[in-house]
1. Could you give the length gained on full extension between E139 and V43, defined as 0.36 nm per residue of separation minus the Cα-Cα distance, in nm?
2. Starting from 0.36 nm per residue, how many nanometres of slack lie between S69 and A174 once their C-alpha separation is accounted for?
3. Do any GluC sites (Glu not before Pro) in the stretch 89-174 lie in a DSSP loop with no more than 13 other beta carbon atoms within 10 Å, and if so, which?
4. Applying 1/(1 + (r/R0)^6) with R0 = 41 Å to the Cβ-Cβ distance of E84 and S17, what FRET efficiency is obtained, to the nearest 0.05?
5. Return the sequence-ordered ³J(HN,Hα) values of the stretch 159-174 in whole Hz as given by the Karplus equation 6.51 cos²θ - 1.76 cosθ + 1.60 applied to θ = phi - 60°, using x for Gly and Pro.
6. For the stretch 108-174, which whole-number percentage of the solvent-accessible area (1.4 Å probe, protein heavy atoms only) is attributable to carbon and sulfur atoms?
7. Per residue, what accessible area does the stretch 107-174 have, given a 1.4 Å probe and all protein chains present, in Å²?
8. Once Rh for the stretch 85-134 is found with the Kirkwood sum over Cα pairs, what is the Stokes-Einstein diffusion coefficient at 25 °C and 0.890 mPa s, in µm²/s?
Amino acid sequence: MKILIVLLLLVTAAAISVTVWALFFRDTTPVLSPDYAPVEEEVNAEDIEGETEEEKLEADEGGGAVSMSYQKTVTVSLADRTAELMFQNPSRSVNDMILQLIIVSADGTETVIAQSGTIHPGKQVEKLELIDGAAELSEGTYSGKFNVLYYDPDTGEKAIVNGSIEGIEITVTA
C-alpha cells in the first residue's frame, strides 16, 4: 500500500511539473518561416490604389514569378507596437507572400520583430503588428532586412526560392 501511495505522489509531482512548464516556461513565439502559408490573410493588407489588373508574369509549370515594390525605410512605434512600412505584391505576381521584418545586430544576430499574414497579389501592407516579446527595442536607428517568403496560391506550399532585402533602415520611436 505504501508503494502505491509513493507512486501516486511521484506521478502527481510529475504532472504538476509539466503543467508549470507548459504555462510559464514553454516558448510560445509564433512559428517563423512556415512550410505552408498561414490560412489568415494579413489583416492590414489593402488593395493597391490605382493598379489595374495586369497580365501575370510568365512562370514555368510548377514554378512561380513575383514582382514587388517596397521602401527601404521603416518606422517602429513603441507606443502602438506597430511598424510603418510600404511593401506591395503587385497583381502581376503569381505567388502569395509573407513578409518578415528583421533587425540585424552588429554581430550579425537576426531577430524577427514583425511577420505578416498572407499577402496576395494586388495587395499592399503599410503597417505590421510587432511580435510580442520578440525583442526589447529602445529609441534609435537599427539596421535591418526584409525576408520575403513565397507560397503557391493554390496549394499554400512554400516555394523553394525566397528573398532577402538587405539595407532596411528601421527607426524606433517612443
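1. Numbers: separation 96, 0.36 × 96 = 34.56 nm, distance 2.64 nm.
Difference between extended and current length: 31.9 nm.
2. Details: separation 105, 0.36 × 105 = 37.80 nm, distance 2.77 nm.
The S69-A174 span can extend by a further 35.0 nm.
3. Details: sites: E110, E126, E129, E136, E139, E157, E166, E169; in loops: E136, E139.
For GluC sites (Glu not before Pro) across the stretch 89-174 that sit outside H, G, I, E and B with at most 13 neighbouring Cβ atoms in 10 Å, the list reads E136, E139.
4. Efficiency computed from Cβ-Cβ geometry: 0.40.
5. The phi angles translate into 6, 5, 9, 10, x, 9, 10, 7, x, 7, 9, 10, 9, 9, 10, 6 Hz.
6. Working: 1430 of 3210 Å².
Exposed carbon and sulfur together represent 44 percent of the surface.
7. Working: 3340 Å² over 68 residues.
Solvent-accessible surface per residue comes out at 49 Å².
8. Working: Rh = 12.0 Å.
Rounded to a whole number, D works out at 205 µm²/s.
The values are calculated or read from the model by the stated rules, or taken from the named source; none is laboratory data. Model, not experiment: these values are computed from the prediction. Here the Cβ is made from the backbone with ideal geometry for all residues, glycine too, and neighbour counts use every protein chain on show. For the accessible areas, the whole protein counts, side chains as well, though only heavy atoms, and no ligand, DNA or RNA atoms are used. Shrake-Rupley method; radii C 1.70, N 1.55, O 1.52, S 1.80 Å.
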